[in-house]
Amino acid sequence: MVASPPGKDFSVTANLARLTRTRPLLVCSLCLRVQRGSDWVPAENVIRDLRSYELAKPPRLGSAVCDDCAESILSRRAQISDVPVAA
Ligand SMILES: [Zn+2]
């Protein structure tokens, strides 16, 4: 069975810590998930992985809209534009 062993991946954590010093963490303004690579993950997972509570300075945050929320906004807009305007 090929599976990564359970436990912390310190290299990933170190890379993320370095990343957050230079680039803000992008947070979806609607669902508050945080972008990590191509994924949007719950903030509590990111806090746990980054151990941001142990950092001297809090990570910088940037606002964004995740793919799921963007899609739901676009589909709602499409539905609204399908509805005829009441006279
Ligand atoms: Zn979102």
Say whether the condition of being of a type in the set (A, V, I, L, M), more than 10 Å from the ligand (Cβ to nearest atom) and surrounded by 14 or more Cβ atoms within 10 Å (Cβ to Cβ) is met by at least one residue in the stretch 48-66. yes
Over the stretch 31-47, the set of residues within 10 Å of the ligand (Cβ to nearest atom) and either of a type in the set (S, T, N, Q) or touching a residue at least 40 places away in the same chain (Cβ under 8 Å) (or both) is Gln35
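Each value in this text was obtained by applying a stated rule to the coordinates, not by laboratory testing. Because the structure is predicted, anything quoted here is derived from the model rather than measured. Cβ sites come from the backbone with ideal geometry, for glycine too, and all protein chains shown count toward neighbours.
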